[in-house]
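Quick notes on the structure that follows.
The values are calculated or read from the model by the stated rules, or taken from the named source; none is laboratory data. If you're wondering where the values come from, they're calculated on a predicted model, not measured in any experiment. Cβ sites come from the backbone with ideal geometry, for glycine too, and all protein chains shown count toward neighbours. Surface areas here come from the heavy atoms of the whole protein model, side chains and all, with no ligands, DNA or RNA. Shrake-Rupley method; radii C 1.70, N 1.55, O 1.52, S 1.80 Å.
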Amino acid sequence: MSVPNLEENNGDGNLSQVRHVVLILSGKGGVGKSTITTQLALALTHAGNKVGILDTDLCGPSIPRMLSVGRPDVHQCDSGWVPVYTDSRKNLALMSIGFLLADPDDAVVWRGPKKTALIGQFVSDVAWGELDVLLVDTPPGTSDEHLAILENLKKHRVDGAVLVTTPQAVSTGDVRREITFCKKTGVRVLGVIENMSGFVCPHCSECSNIFSKGGGEELAKLTGSVFLGCVPLDPQLSSSIEEGKDFAELFPDSTTFSAISSISHTILNSLQTT
């Protein structure tokens, strides 16, 4: 693994032109948090915003593949690391440890202090430039990485967190602990998204509840949080992610994109009223 070293970080300088910072959290793995992060980012860019994604899931950096950006070299400028842009207009920027691995199959076998140090560099040393929203994709749980993110963002600010769950009780129970984490650390909860909420038939577009439904909405009510909406399991979305294609561009009239777009607008409106 080749991780560039900078002599010192730039404090708040590289975040000074970032208007809003939003954490994407989940209490457990497998709920589609990275999928939600990428789709929110794409929806926001399609609405005319400049967006960045900071992928801090160090052991499972899947977002570069989801956005089909491969493994380009990470360059440095006077302000630090230059993020990788996913489009020619440079409306969507990304930084991930996936760009720093010598081999995509390398496992990140690091203890907490080394993870914390890299997250510190990611927060302070990436030259994001002007962004409307920076989405921070976090690993599951409430571990060292989360505390490192918050500590390093103190000089700037975190506008809030979006929590991703699936409908089942085992998932909503873990997300309830994530809400407790937000309260203890002073992070505003922007709302809860229920992912994998039903299954969209690829033939008739009917949505069937193959798991259960309503767990996310009930959790939001119990914790006094905003329920942002449901995103169903959609084969078209899954295939778009697998192929690294822009779902919003391919299926702008789908009910799934409509749900994601509505959620992104709600989040943006909430940010603009703070």
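Within segment 88-113, can you find the residues that are open to solvent by less than 50 Å² (accessible area, probe 1.4 Å) and farther than 18 Å from T35 by Cα?
The answer is N91, F99, L100, L101, V108, W110, G112.
Taking only segment 133-178 into account, find how many residues are of a type in the set (A, V, I, L, M, F, W, C) and farther than 23 Å from H265 by Cβ.
Count: 7.
Which residue pairs have Cβ atoms under 7 Å apart, sit 6 or more places apart or on different chains, and have a first residue in segment 126-155 that is in contact (Cβ under 8 Å) with a residue 12 or more places away in the chain and open to solvent by 30 Å² or more (accessible area, probe 1.4 Å) and a second that is among the hydrophobic types (A, V, I, L, M, F, W, C) and assigned to a strand (DSSP E or B)?
Sorted first by the residue in segment 126-155, then by its partner, the pairs are D132/V51.
Scan segment 156-209 residue by residue and report those that are surrounded by 13 or more Cβ atoms within 10 Å (Cβ to Cβ), under 22 Å from I119 (Cβ atoms) and small (G, A, S).
Correct list: G160, A161.
Being surrounded by fewer than 20 Cβ atoms within 10 Å (Cβ to Cβ), assigned to a loop (DSSP other than H, G, I, E, B) and either at positive phi or charged (D, E, K, R) (or both) narrows it down to one of K221, K213, so name that one. It would help to see each step written out before you state the result.
Values: K221 fails: assigned to a loop (DSSP other than H, G, I, E, B).
The match here is K213.
I'd like to verify a number: residues in segment 180-208 that are over 22 Å from the mean Cα position of the chain (by Cα) and free of Cβ contacts under 8 Å to residues at least 24 places away in the same chain, how many?
Within segment 180-208, residues that are over 22 Å from the mean Cα position of the chain (by Cα) and free of Cβ contacts under 8 Å to residues at least 24 places away in the same chain number 5.
Hey, among the residues in segment 242-260 that are open to solvent by less than 20 Å² (accessible area, probe 1.4 Å) and in a helix (DSSP H, G or I), which one's modelled with the highest pLDDT?
I260
Filter segment 262-274 for residues that are surrounded by fewer than 21 Cβ atoms within 10 Å (Cβ to Cβ) and either in a helix (DSSP H, G or I) or among the small types (G, A, S) (or both) and give the result.
S262, H265, T266, L268, N269, S270, L271, Q272
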